[in-house]
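In what follows, a structure is listed as structure tokens, so that the remarks can point back to it.
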Amino acid sequence: MKTIASQVSEYVKTKPYLSTALSQGIINLTSLAREIQPEIEKALRKPARSGAIVMALKRISDNEEFLSTHKIVSLLRNLGDITVRSSLTDYCFKLSETLLLAQAKFLTSIKDKKDIFYTSSRGVGESNIVVSSNLAPLIEDLFGDEICIDKIDNLSSITVKLPNENVKIPGIYYFVFQRLSWEGVNINEVISTSNEFTILMDEDSVNVAFEVIKNLKSL
């Protein structure tokens, strides 16, 4: 059953900037209630008292979820460097007893190379290796005996440095990826360390993704 409280909550959840402003207590709830009243009544298909909408907004602004949103926004304003890389290739290999040996040979081969991109991640049954595309022939030579599950070319990456306190605040990645999703950015892979995360996407999406992440600093 739809209620005023549930519809007000759903409305606010679709407005990230509004939820942040509510958590900061900088919005006149009475004025906001009058502004959104037509939308709430449309969703309910019946009249809704302004006073009841104000009470629902008050409960939301005191809710821990929205308070934590304020903490996330405060942290995102202190994002560090944003680094963009292009012309990348992502390999996914099935785990094997020889895969690490192949990786060791690859690392030895590139140890003196500068201005290249390399990162890897290991799961339960597979391992991904992302490299600058000009290293693809070397990968395919050294990993020729491994089972390649998938290979994706023409990727770009964005690496973001996070403040150290990011590990103590839940919801940061959700907050960032939600906004990327709203802009239609499809993430191929996510690689993270304690204070950095790297996302891989199609090269056609990197400009939009960069703008989304850059604008997080000014929320």
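For the range 26-115, which chymotrypsin sites (Phe, Trp or Tyr not before Pro) are in a loop by DSSP, counting at most 12 other Cβ atoms within 10 Å?
Taking the range 26-115 and a limit of 12 other Cβ atoms within 10 Å, no loop chymotrypsin sites (Phe, Trp or Tyr not before Pro) are found.
Take each uninterrupted DSSP H stretch in the chain, measure its Cα extent along the helix axis, and return the ones at 24 Å or beyond whose mean Kyte-Doolittle hydropathy is at least 1.0.
Helices meeting the criterion: none.
Just add up the charged neighbours of E189: K/R +1, D/E -1, any other residue whose Cβ is under 11 Å from the Cβ of E189.
After counting each charged neighbour, the total is -2.
Based on the Kirkwood radius over alpha-carbon pairs, what is the Stokes-Einstein translational diffusion coefficient of the range 1-129 at 37 °C with 0.692 mPa s viscosity, in µm²/s?
Diffusion coefficient, whole number: 170 µm²/s.
Taking the inverse of the average 1/r across all pairs of different Cα atoms in the chain, what Kirkwood radius in Å do you get?
Evaluated over the chain, this radius sits at 20.3 Å.
Using the per-residue mean of other Cβ atoms lying within 10 Å as a proxy for protection, in what order, highest first, do the peptides 116-123, 163-170 fall?
The packing order, highest mean first, is 116-123, 163-170.
Round to a whole angstrom and tell me the spacing of the C-alpha centers of the range 149-195 and the range 27-91.
21 Å
Please list, by residue number, every one of the trypsin sites (Lys or Arg not before Pro) in the range 1-56 that is coil in DSSP and has at most 14 other beta-carbon atoms within 10 Å.
K2, R45, R49
Quick one: which of K2/K46; K111/K151; K168/K214; K58/K217 span more than 18 angstrom between C-alpha atoms?
K111/K151; K168/K214; K58/K217
Any read-out appearing in this document is the output of simple, stated calculations on the displayed coordinates, not a laboratory observation. Quantities reported herein were computed from a predicted structural model and do not represent experimental measurements. Reconstructed Cβ throughout: ideal geometry from the backbone, glycine too, with neighbour counts over all protein chains shown.
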